[in-house]
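Here the structure comes first, spelled out in structure tokens, and everything after it is commentary.
FYI, it's all coordinate maths here, none of it is from the lab. In this text, all values refer to a predicted model and were calculated from it rather than measured experimentally. For neighbour counting, all protein chains shown are included, and Cβ atoms are generated from backbone atoms with ideal geometry for every residue, glycine included.
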Amino acid sequence: METFNNSKPVLVLLLLPCLLLYSLISFNSSSVEAAMHTNNWAVLVCTSRFWFNYRHMANTLSLYRTVKRLGIPDERIILMLADDMACNTRNKYPAQVFNNENHRLNLYGDNVEVDYRGYEVTVENFLRVLTGRHETAVPRSKRLLSDEGSHILLYMTGHGGDEFLKFQDSEELQSHDLADAVKQMKEKHRFKELLIMVDTCQAATLFNQLQSPGVLAIGSSMKGENSYSHHLDSDVGVSVVDRFTYYTLAFFERLNIYDNASLSSLFSSYNPSWLMSTAYYRKDLYKRNLEEVPVTNFFGSVMETIHTDAAYKALSRRNSGRFEAQMSLDSVHHAERRTLMKVNDQEETHDVNPEGNKQPLQGEEGASKCPWSTFCNKFRKGENVDSLVNYGLVTMIPLLVIPTWLVR
Amino acid sequence: MAEISEANDSDSSELQDNGSEAPQRPESEPDFDPKLMRKTKPGLKRLVLTFSVLFSFLLGFPFLWKSVEIYRSPLPFREIDSLSTQLRSDNLLFPLHFHALFVGFDHDPDHLRRSILLEITKLTSQNPKCSNSYTLSVNVDLGSHCLHSPVSSPHSSSYPCGSVTATDFVQNDDVAVDERLVSVFGGKTKEYIVAVVKGGSERAVVGKHRHAWMVVGGGRKVEVAAVKVAELLVKLFINGGREEGSIRNEFMPVGADGKIVLSFNLLNADPLDWVYDWDFEKIDDTLLAPMIEALGPVANISVESQVLYHTPKASFSFWNQKLESYVFSTKDLPFFVNSNEWHLDTSIAAGGRSNILQFAVYVPSAKECPLLLQLPNGEISKTNGFISPMWGGVIVWNPQGCLNDSEFEPSAKNIIPIQDLENMFEVFIGQFRQLFGFKSVNVYAGASGDWNLLPSERGFTEWELDVLSRQHTCFNLHSCATTLVSLSRLVQSLPRMIIMDDIGKQVKFSLEAAKLALSNASSGAYESSAAASSQARSLAEDAFFHPSIMSVSYYSFEHCFAVYSPFFLPVSMHVVLAALRELRRYKQEKAKYLVWKAKANTSS
């Protein structure tokens, strides 16, 4: 906008009222058309690796299990784990991950679908999941395919600090990156409501910079406080669960899929003396009253269902005999033809667009005749920056040689 | 002493030599002071050398600047803003032509026209996004002569007088009447025609194309008929049978790239009881293919199917002694789909931005058979099916084995009988219509009476396809505009982000497609405008979701500075200082020479 202000004041004068009108109307229309709540998604991220961070993976897997039990299917859960605990050589119970020293529950038992494992859990992949900007080859199971009516639960655990979260000991996610990603999600209507739960040290600082409406965030500790683990499992040898997650799970173990406990009861169940930190939540961006929001809005499954009143009787008016005759004639040939056509269709739809897009560009470049303009075009393309620099260096040499020879 | 002095002499500079020499020839130049004068003109070699190095540095600077320049493909920001304001300010207007034909009534057509228009304006809701502009022409056919209004309209005057009579509507075969109307009015015009006929039995039917007719009994006021006609025009022909005219996002199942994948699944809850298979290909060709073709301009649809085993449902059902079957209610519907065991989303054909609609046929186990759905008012559902918007639909089909036990012979694999499969697919088509926001029943119960809707073999009648095209054009264009505006805001807020050529091209083509869609819409070509708007939206989404727009991976200015300054700063400092020093030295030497020259001139 600054560049426009500098160069074309008249345009600004024309555009400014239109933009004001647009923002007004968009505000109005967005308040009028509220989307219906269609589905729930969960993005569960464990940002640590190595054996001594066992509890972070146990945290994430426990929440995964809870969310699945309350009804969110695997296809709507994105699970990002380093996944190096269960088969770690230091694990006395191979292929088993526990979150309690009584070993009652094996979290890694059945039906665990990890979408991003190992070194794929990076800040870049995390932000790509949130904003939806993947390469074309990324499969659907690794994408967050939410729409305007989705409620998303975002749970992150690991080591964190003041306005950052450490990813796998090599990178950081800053609070402004997260806020920026959420802002882009909101612009593209990728969620209706978002609940962020963070279980790290100084967790509440991670959502300081959030400004998008419809976001509710809770962190396990405030700035300057640490979040502690709950207990040490002397058999396994490491701490197996964090306090915040432990009390969250305790709350959910009492629920089943039909319950409607509210979010405010969840948030008020955190006792600072048990947690040894203050669980701080931020609800200024969230318009609804927490007493009225059931936890299954985020943690469980809800399907809006509409009964089908009647069948569409298109066929009953047709002569059934005619139907049979038509089928017997065509049935032989249709099978092979149909499958062939399908494959061609798919190939065609993929090929047409890029070729169509490429053609006009070739035409543009061929039109220039003057050598200087072709040089300029090549300059502007900027593909081979290296060769360009090489040309520059090479031209500098005669510039040096000639004066030296002149003054000799 | 002598060596030391000699060594001193040899080590010392020229100045010392001059100094030692100076006392030897003081008689030639008495005032020669080597500190202030020099005899020879100072050479330019040193100056030229240093300045050429400095100059080559300066010459190389633009090359360096170009090599670290961020490549940003130029985006047409002004056009994006103008498209957005155009869509916001003047509402997308679809032109609609209505034609009402009154047969056997002796009324003034102008009066009829005014009353219908009045009713229409009462019923039209304020849709902020897209509205329609309509024209209405009325013909009164009295057998012997015709009256039309408005007199100048080409639509009303083109009607051949006397071609539609009351006898056409006597028979009860609605399909034949529909065909007759098509033959009279021709299928090529895009106008919506309502025929009001004076006759015996009351009947109101909407045909498969763009015609509707109403048989009004004798003695009824024609004004009542006018109200009903207005309601038909607004509620059905403009809005497609929905309650309000606005577009609800949960009934827009087309994916962002304009594709829908229909995934049909046959779920055998317990294969130990019985295993069912179906002949999907036949049904696909006969029932689904015409519907998919009809929806071509709106969405690119592909179909796949699978049969799954061991897929119990997640909710509970109870035995009802009166109905002698297991019953589940509408309260259980949200929990019916058991996503843990139903692995429905295994499609590899769908791209990242397509939308998948799941249609599942649930075959219950022997322990829960027959399974019926009970509605809140106590009735049993006729279809045993339900939908979830944006997800798909489920039908419960009770196999023969539990309906009449005696005749059933279990075999390794049973095929669902063709008649049942047809019925099932009729329900599926009804559910598909529901997912697009239409009703699955064939009757529209309006405020002033009912209309029978003739079903079409393609799943959607032509006027319903028009409604779909218009709504999807509206939705797609608005979505495209907001996406492009968000993209331009994002790009302008990050001045150092690389924007690749792909994005520029996609934005350009998206804007062209949007312009094409707008021009087609204003000329009334609904289908081509829907196709163009779908392409505009998919290109805009491709541009916005281009994987290179990641804020973590572009070079900030601090990064660039930190990379290049450790080399260039010290070197350039040395070069500049050397040049300045040489310049200063040259000036000094030149001054000394000039002083000597002046002295030499004055002395000689």
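Observations on the structure shown:
- Cα gyration tensor category, rounded, prolate or oblate, for region A:109-264 with a/c compared to 1.5: rounded
- Sites residue B:379 and residue B:324, calculated FRET efficiency, Cβ-Cβ separation with R0 22 Å, nearest 0.05: 0.85
- For chain B, hydrophobic long helices are taken as DSSP H runs at least 30 Å long by C-alpha position along their axis with mean Kyte-Doolittle hydropathy of 0.5 or more; these are B:45-67.
- The mean sequence distance of close C-alpha pairs (under 8 Å, at least 6 residues apart), as a share of the length of region A:212-309, puts its relative contact order at 37 percent.
- Scaled against the 2.2 N^0.38 Å expected of a compact globular protein of N residues, the Cα radius of gyration of region B:403-543 reads 1.61.
- Region B:420-448 and region A:100-141 have Cα centres lying 40 Å from one another.
- Counting only DSSP beta bridges whose two residues both lie in region A:106-258, roughly 45 percent are antiparallel.
- Ordering B:392, B:492, B:139 by Cα displacement along the dipole of chain B toward the positive end leaves B:492 in first place; charges were set at the Cβ atoms of Lys, Arg (+1) and Asp, Glu (-1).
- Remark on residue A:149: its backbone amide H falls under 5 Å from those of A:38, a criterion applied only to residues 5 or more positions apart or on other chains, H modelled at 1.01 Å from N.
- Over region B:325-483, the ratio between the Cα radius of gyration and 2.2 N^0.38 Å evaluates to 1.25.
- Computed over chain B: relative contact order in percent, which uses C-alpha pairs under 8 Å that are six or more apart: 18
- Sequence-distant residues sharing a close amide H with residue A:217 (under 5 Å, placed H): A:196, A:282
- Residues residue A:306 and residue B:173, FRET efficiency given R0 of 35 Å [Cβ-Cβ distance, rounded to 0.05]: 0.60
- Shape class of region A:207-302 from the alpha-carbon gyration tensor: oblate, with a/c at 1.5 or above and b/c at least as large as a/b.
- Working from label points 7 Å from Cα in the Cα-to-Cβ sense, the residue B:36 to residue B:121 distance is 10.6 nm.
- Based on the Stokes-Einstein relation at 37 °C and a viscosity of 0.692 mPa s, and on the Kirkwood radius from alpha carbon pairs, region B:454-500 is assigned a translational diffusion coefficient of 242 µm²/s.
- Extents of region B:38-146, taken as max minus min of Cα coordinates on every principal axis and listed largest first, are 127, 29, 23 Å.
- Length gained when the stretch residue B:412-residue B:527 is fully extended (0.36 nm per residue, less Cα-Cα span): 36.6 nm
- Three-way shape label, region B:466-604, alpha-carbon gyration tensor, a/c 1.5: prolate
- Cleavage-rule hits, GluC sites (Glu not before Pro), region B:207-305, DSSP coil, Cβ neighbours within 10 Å at most 15: B:243, B:244
- Modelled FRET efficiency - R0 60 Å, residue B:501 with residue B:602, Cβ distances, 0.05 increments: 0.20
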